[in-house]
Amino acid sequence: MTVDKGFLWGGATAAYQCEGAWDADGKVSSNWDWWLHERGLPNADVASDHYHHVLEDIALAKEGGHTAYRFSLSWPRIIKDREGTVNEAGIAFYNKIIDACAEAGIEPFVTVFHWDLPVYWEELGGWTNTQTALAFEHYARVCYEAFGDRVRSWVTINEPKWFTSRGYLVGDYPPFHQNAQEYIQAGFNIMLASALGVKVFREGGFEGSIGIVHSYTPVYGIDDTIESQIAVRYADNFNNNWVLDTAVFGEFPIDLVTELSRTYDLSCMKPEYLRIIKANTVDFLGLNYYSSTDVKAWTEGETTLRFNTSGKGGERGKIMVKGWFEQVYNPHHKFTDWGMEIYPEGLYHGLKKAFDKYHVPLYISENGIGCYEDITDEPVHDDYRISFLQDHIAAMLDAMDDGVDMRGYFVWSLFDLYSWISGMEKRYGLIGVTDDEEHRRVPKDSFAWFKRVIETGGDCIDRSQYKDDPVASPESA
Ligand code: BGP
């Protein structure tokens with residue numbers, strides 16, 4: 001199939017990861033600014049300096065044939081304090097982006113929150129405090145009122161699972177805690193915030209549609225025994241269902257809640273909040289796809305949550321939840337330098353599964369590969385990225401042929417930007433950004449390749465390559 005003209009093709013970014021200008025023009029500190037400065041870790045104070053290169057970046061997106069640009073708004077750039085005072089300079093910056101998009105014929109696909117929380121909320125417990133969720137309502141309203149005349153595609157929250165689990169459970173993102181009770185509270189509050197974001201959107205009668213973006217990890221069992229099926233359900237609740245079911249059906253999976261209630265305090269789940277969640281479900285889902293996971297029943301050992309943040313190819317992360325499931329690796333699959341499994345088939349199956357279950361339009365809101373690359377004035381010949389993107393787009397097109405309602409595809413990322421914790425050395429961009437003070441934009445080979453994909457409506461994609469050999473189906477490693 002050739003995708004129709006309304007299908008969105010573009011690149012994605014997030015405010016903290018690319019803007020830089022961390023304290024410019026009235027912006028207050030975010031939780032990331034605060035924690036990374038405090039710990040002396042690689043930060044995004046300057047990052048890709050998108051704040052000063054934004055017009056050039058949008059011109060490049062246009063040159064690349066992009067029909068959409070996914071970016072996020074920065075809460076600490078827009079709202080100055082707990083009283084909700086608006087920073088007009090922040091509004092002006094995003095007006096500049098949105099107007100440049102309009103002029104270039106590029107649809108803005110706007111995420112209201114992509115992890116950069118104002119420090120004045122972080123100081124009060126961040127997402128573990130329901131006040132943060134309640135404050136999100138005002139922030140979202142300010143955004144819709146300022147930009148809703150030109151923006152038609154809104155996302156409340158980027159990846160509720162990812163930043164809360166890394167921040168409160170794994171402990172390698174701000175605020176670097178390892179506390180399951182806090183994780184549960186933060187997870188609940190972020191879903192409440194998303195529902196409040198939907199509520200004000202509907203109440204305000206704004207045009208367009210609103211969704212949520214999820215870090216989608218399709219789950220495979222190692223076999224079809226009942227033990228593996230139970231492990232798959234646990235892992236699916238852990239990875240996906242608490243975000244997707246809640247956003248689309250308005251309810252947390254009750255078997256998960258039952259399980260958690262045996263050990264944890266769920267008093268944050270007040271009836272009035274549950275009613276807000278039930279009444280304010282999304283129009284669409286954005287799925288960020290990087291890899292899927294294979295699991296088996298838990299056998300022994302303590303809960304282990306480990307990611308490869310070193311970028312040394314051989315290391316694998318490990319996710320094991322005591323009593324629930326254990327992640328295994330398929331020895332036949334390929335992995336990135338950061339230990340992420342490369343498995344486009346998982347995208348095909350995952351899209352079919354998500355559409356069968358939720359019946360809402362879907363976007364691939366992020367897909368891409370992080371690599372070590374030297375950016376000079378010579379374009380990077382990133383055939384590995386082309387091959388990764390080609391195989392994943394093929395999987396998406398196959399899912400569309402099978403009836404999945406896909407509305408858009410965004411490469412992570414439009415240009416090189418800060419990778420959480422890993423800094424600027426893990427590069428995802430279609431466009432390189434030099435490390436010097438000029439931050440020169442140097443399109444990689446994948447940029448021209450992606451342009452051709454867009455021009456041909458996906459027709460130039462080879463669909464025969466990505467399909468895995470059937471013997472390489474999930475199995476215990
Ligand atoms: C997603 C985030 C993005 C982006 C991407 C790559 O989870 O939404 O913000 O960073 O992952 O992740 P990383 O930079 O950690 O490799």
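The values are calculated or read from the model by the stated rules, or taken from the named source; none is laboratory data. From a predicted model like this one, the values you see are computed outputs, not experimental measurements. As a convention, Cβ positions derive from the backbone with ideal geometry for all residues, glycine included, and neighbour counts pool all protein chains shown. Protein only, heavy atoms only, side chains kept; ligands, DNA and RNA dropped before computing areas. Shrake-Rupley method; radii C 1.70, N 1.55, O 1.52, S 1.80 Å.
When only alpha carbons are used to place a centre, region 242-273 and region 281-342 end up 23 Å from one another. Have a look at TYR372, THR130, LEU285 and report the one farthest towards the positive end of the charge dipole of the chain, computed about the Cα centre with Cβ charges (Lys/Arg +1, Asp/Glu -1). Farthest towards the positive pole: THR130. Judged by the gyration tensor of its Cα atoms, with axes a ≥ b ≥ c, region 213-371 is oblate; a/c meets the 1.5 cut and b/c is at least as large as a/b.
Computed about its Cα centre, the charge dipole of region 35-125 is approximately 140 debye, with only Lys, Arg, Asp and Glu carrying charge at their Cβ.
The modelled label-to-label distance between GLU123 and ARG440, using points 7 Å beyond Cα along the C-beta direction, is 4.3 nm.
Taking only protein heavy atoms into account and a 1.4 Å probe, give the accessible area per residue of region 57-99 in Å². Each step should come with its number before you reach the end.
Working: 1370 Å² over 43 residues.
Ligands and nucleic acids excluded, the result is 32 Å² per residue.
Scattering from region 49-118 was approximated by placing one identical point on each alpha carbon and applying the Debye formula without solvent; log10 I(q)/I(0) at 0.16, 0.28 1/Å stands at -0.57, -1.29.
Over all pairs of different C-alpha atoms in region 291-380, the reciprocal of the mean inverse distance, the Kirkwood hydrodynamic radius, equals 15.6 Å. Rounded to the nearest 20 debye, the dipole size of region 348-398 about its Cα centre is 620 debye, using +1 on the Cβ of Lys and Arg and -1 on the Cβ of Asp and Glu.
From the square roots a ≥ b ≥ c of the eigenvalues of the alpha-carbon gyration tensor of the chain, which class results: rounded (a/c under 1.5), prolate (a/b over b/c), or oblate? Numbers along the way, then the final one.
Working: a/c = 1.34, a/b = 1.05, b/c = 1.28.
The shape class here is rounded.
Here ARG316 sits with roughly 80 square angstrom of accessible surface, probe radius 1.4 Å. Of the trypsin sites (Lys or Arg not before Pro) in region 221-296, the ones in a loop by DSSP (not H, G, I, E or B) with at most 12 other beta carbons within 10 Å are ARG262.
Element breakdown for the chain at a 1.4 angstrom probe: carbon and sulfur atoms account for 51% of the accessible area. Between amide H atoms placed 1.01 Å from N, distances below 5 Å from PHE415 occur with LEU430, ILE431, all of them 5 or more places distant or on a separate chain.
Tell me which DSSP H helices of the chain clear both cut-offs, 18 Å or more of axial length from alpha-carbon atoms and a mean Kyte-Doolittle hydropathy of at least -0.5. Can you show the working numbers first?
Details: long enough: 50-63 (19 Å, -0.39); 88-104 (24 Å, 0.48); 130-147 (26 Å, 0.06); 180-203 (34 Å, 0.45); 344-358 (21 Å, -0.98); 383-401 (27 Å, 0.07).
Helices meeting the span and hydropathy rule in the chain are 50-63, 88-104, 130-147, 180-203, 383-401.
In the chain, taking the dipole from charged Cβ atoms about the Cα centre, the farthest positive-side position among TYR343, ILE79, TRP412 is held by ILE79. Normalised by residue number, the volume inside the convex hull of the Cα atoms of region 150-292 is 127 Å³ per residue. Relative contact order, whole percent, for region 415-470 stands at 20, derived from Cα pairs under 8 Å and 6 or more residues apart. Close amide-amide hydrogen proximity is noted between SER292 and TYR343, each under 5 Å apart and 5 or more residues distant or on a separate chain (H modeled in the peptide plane; Pro and chain starts excluded).
When you restrict to C-alpha pairs under 8 Å that are six or more residues apart and normalise by the size of the chain, the relative contact order lands at 17 percent.
Sort largest first and round to whole Å: the equivalent ellipsoid semi-axes of region 1-105, each the square root of five times a Cα gyration tensor eigenvalue.
Largest first, region 1-105 gives 29, 16, 12 Å.
Semi-axes of the equivalent ellipsoid of region 337-477 are 28, 18, 15 Å, computed as sqrt(5λ) over the eigenvalues of the C-alpha gyration tensor in descending order. With protein chains left intact and a 1.4 Å probe, residues in region 193-290 average 41 Å² of accessible area per residue.
Output the relative contact order of region 187-270, whole-number percent, from Cα pairs under 8 angstrom with separation of 6+ residues.
On the way: 43 pairs, mean separation 23.0, N = 84.
Answer for region 187-270 is 27 percent.
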